[in-house]
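Below is one structure, written out as structure tokens, with a few remarks after it.
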Amino acid sequence: MLSEEEIIFWKRWTNTEVCSACKGICCQKNACDNAPSDFGNDISLIEKALESGYYAIDFARKSSQSFITTSSGYLTLDVENIIKSSDETLYVRPRNKNRPIIDIIHGEDIEGPCIFWSIEKGCALSYEDRPLFGRAIIPIDAGFAKLCKNVYSREMLIVQWKPYIKPLFELAKKYFPKNWKPYKDFKFQL
Ligand code: SF4
Ligand code: SF4
């Protein structure tokens, strides 16, 4: 739960008029990003969020260097390499509709909308319960998602989630959707 001071700090960038006029183009494209503090920095609360089906583990990366092939020919993740890397991490965000809760491999297609978004209501979460990225967004121009800025940068996300990579990897293995077709097609397993 956010303190009053934190709510005031992040809310100064919120502009509901611009986002209402836009109808949440960013939320339609992809779910926003959580910070560990959204779950009280508590891995048991993260697991509960995953079990709810409303949150997913994702993999932030700039290259494919942490994908490796096992001796049995399966693609998998080298978790030690992710821990060492300065620009990779596992992290948590709301799930995208029709995507799995362990959502690691992405193509070029839009994967949203976010599970909390609807055209009628916008974001179903109260401001206080939104992921940090959603609270810290700076709307610039309705309809031009690329112009909108965010003070919760990818660099901040990577630094904040680094200490959680190992437990997130264990959760990703525990809840891995073996039968999800794209993973089967890619021969990807954890
Ligand atoms: S794309 Fe920009 S204006 Fe549109 S909902 Fe997202 S932050 Fe708001
Ligand atoms: S949690 Fe809310 S603000 Fe974030 S992407 Fe989903 S609908 Fe948008």
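Spin-label model, residue 173 to residue 147: label points 7 Å out along the Cα-to-beta-carbon direction sit 4.8 nm apart. Applying 1/(1 + (r/R0)^6) with R0 = 35 Å to the Cβ-Cβ distance of residue 62 and residue 3 gives a FRET efficiency near 0.55. Helical runs (DSSP H, four residues minimum) scored at -39500 (n - 2.57) apiece and divided by the length of the chain put the mean residue ellipticity at 222 nm at -8500 deg cm²/dmol. Region 80-125 and region 126-157 have Cα centres spaced 14 Å apart. Compared with the rule-of-thumb size 2.2 N^0.38 Å for a compact globular protein, region 11-82 has a Cα radius of gyration ratio of 1.56. Ranked from largest to smallest solvent-accessible area, with a 1.4 Å probe on the protein heavy atoms, 108, 17, 128, 6 come out as 108, 17, 6, 128. A simple spin-label model places pseudo-atoms 7 Å from Cα toward Cβ; at residue 138 and residue 23 they are separated by 2.8 nm. For residue 184 and residue 12, the difference between the fully extended length at 0.36 nm per residue and the C-alpha to C-alpha distance is 57.4 nm.
The heavy atoms of residue 75 offer some 50 square angstrom of accessible surface to a 1.4 angstrom probe.
Working from the Cα coordinates of the chain, the gyration tensor eigenvalues give, after taking √(5λ), semi-axes of 29, 18, 16 Å in decreasing order. The percentage of C-alpha pairs in region 86-165 whose separation is greater than 19 Å is 50%.
The values are calculated or read from the model by the stated rules, or taken from the named source; none is laboratory data. The structure displayed is predicted, hence computed values, not measured ones. Note that each Cβ is placed from the backbone with ideal geometry, even for glycine, and that neighbours are counted across all protein chains shown. Surface areas here come from the heavy atoms of the whole protein model, side chains and all, with no ligands, DNA or RNA. Shrake-Rupley method; radii C 1.70, N 1.55, O 1.52, S 1.80 Å.
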